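The values are calculated or read from the model by the stated rules, or taken from the named source; none is laboratory data. On a predicted model such as this, the values are computed, not experimentally measured, just so you know. Reconstructed Cβ throughout: ideal geometry from the backbone, glycine too, with neighbour counts over all protein chains shown. Please note that ligands, DNA and RNA were not included when accessible areas were found on the heavy atoms of the full protein model with its side chains. Shrake-Rupley method; radii C 1.70, N 1.55, O 1.52, S 1.80 Å.
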Amino acid sequence: MRRIALPLLGVLFGATQLAAIDIHRTVSSIATSAGELEMEEYASGAAIADVPVIVLLSGSGGVQSPNMPFESQAQLFAGGGYRVYIPHYMNVTHGSPRDPIKHYAIWAQAVRDALSFIQVQTHISPLRIALVGYSLGASVALAAAAGESRLAGIVIWSGSLPDAYVSAFDRLPPLLILHGAQDMGIPVFNARQLAELCELKHGVCKLSIYAEEGHAFSSAGIGRADREIEAFLEVILPIGRSVEDAGPND
C-alpha cells in the first residue's frame, strides 16, 4: 500500500462565516479483487475517536469533473468532523466509465473492498459509514449497498438504481435522494421510482426535487443540497455517539 500525506487548508463552506480548518489529505493505493485503485482520505487534525466515515463516489467524469467539486465536498465534510474517503473505483476499468450495465458489479465490488479496507484501518462499524454518490457514483453506491445492507445510509445525488439491482434488497439503508427536475441525463422519474421502492421496502427515505436544477447543480443548488446532506448526516451519523448509543437507523 502506498500512502502520501498532503496537508490542505480546508474551508468549511457550510458555516455562516468562512472558517479555515486544517484538513489532511492522504492518498493510498489499495488492492481490490478487481485490481488496484487509488483512494483519497480527508481528515481534520481535530478529529475525535470513533469518527464516522463518509465515502464519496464520483460520477462518470471522475473526481475532477466540472459538474461536482469533489475536493471541496470532501473538505466540507471533513471540516464537519467526519473522516472522508474518495475511492477512485473506475481505476478497476482503467478509468473508463463506459458500459455501466456490464461494469456495475465490478465497480460495486471494488467499493465494497474499499469499505472493508476502511473498516480494518479505522476499526469502524458499517453502521458508522455512509455513502454519498453523484450520478454514476450514486448508482454504484446502491449496487455496492446490495451486498452491505448495514450501512448507516446513502445519499443519491442525480443518480438512479440500476435495473439489475431493483430486486436485490431485502431492506434499504436510509436514503436521501437529491434530484434536479430539469435533469435531462437521468430524468427525475428515476428518483421518484427509487423513493417508491424505499417505501415498499419500509425504508427511511427523503426525496428532494430541485425545481430549477439539472443534472449538474448550480453553485447555489450545491449549497442547498449540502445543507440537506449535513442535516441527514447529523441523524444517521451523529458525531461523538457510538453505534450502540445511536441505535439502528436512529
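Suppose we filter GLU148, GLU196 for residues that are open to solvent by 10 Å² or more (accessible area, probe 1.4 Å), charged (D, E, K, R) and not in a loop (DSSP other than H, G, I, E, B); which single one remains?
Values: GLU148 fails: not in a loop (DSSP other than H, G, I, E, B).
After applying the criteria, what remains is GLU196.
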Study note, to complete from the structure: Those residues of the range 172-191 that are surrounded by fewer than 24 Cβ atoms within 10 Å (Cβ to Cβ) and in a loop (DSSP other than H, G, I, E, B) come to a total of 9
Review point. If you take the residues of the range 151-169 that are open to solvent by 10 Å² or more (accessible area, probe 1.4 Å) and hydroxyl-bearing (Ser, Thr, Tyr), which of them is modelled with the lowest pLDDT?
Key: SER167
Point to revise | Contacts under 8 angstrom Cβ, first residue in the range 155-170 being under 16 Å from PRO100 (Cβ atoms), partner among the aromatic types (Phe, Trp, Tyr) and open to solvent by less than 40 Å² (accessible area, probe 1.4 Å), 6 or more apart | key: SER158/TYR134; SER158/PHE217; GLY159/TYR134; PRO162/TYR104; ALA164/TYR104; TYR165/TYR104
Review point. Name the pairs whose Cβ atoms lie under 7 Å apart, with the first residue in the range 216-235 and open to solvent by 70 Å² or more (accessible area, probe 1.4 Å), the second assigned to a loop (DSSP other than H, G, I, E, B) and at pLDDT below 95, and 6 or more positions between them or separate chains?
Key: ARG227/GLY14
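What about SER72, is it in contact (Cβ under 8 Å) with a residue 12 or more places away in the chain and over 17 Å from LEU37 (Cα atoms)? Steps first, answer last, please.
Values: in contact (Cβ under 8 Å) with a residue 12 or more places away in the chain: yes; over 17 Å from LEU37 (Cα atoms): yes.
Spelling it out, SER72 is indeed in contact (Cβ under 8 Å) with a residue 12 or more places away in the chain and over 17 Å from LEU37 (Cα atoms).
Here is a check on your reading of the model: is LEU172 over 30 Å from VAL51 (Cα atoms), among the aliphatic types (A, V, I, L, M) and modelled with pLDDT under 95? Walk me through it before giving the result.
Working: over 30 Å from VAL51 (Cα atoms): no; among the aliphatic types (A, V, I, L, M): yes; modelled with pLDDT under 95: yes.
Criteria not met by LEU172.
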Point to revise | Neighbours by Cβ (under 6 Å, 6+ apart or cross-chain): first from the range 194-208, on the phi > 0 side of the Ramachandran plot and touching a residue at least 40 places away in the same chain (Cβ under 8 Å); second assigned to a helix (DSSP H, G or I) and among the hydrophobic types (A, V, I, L, M, F, W, C) | key: none
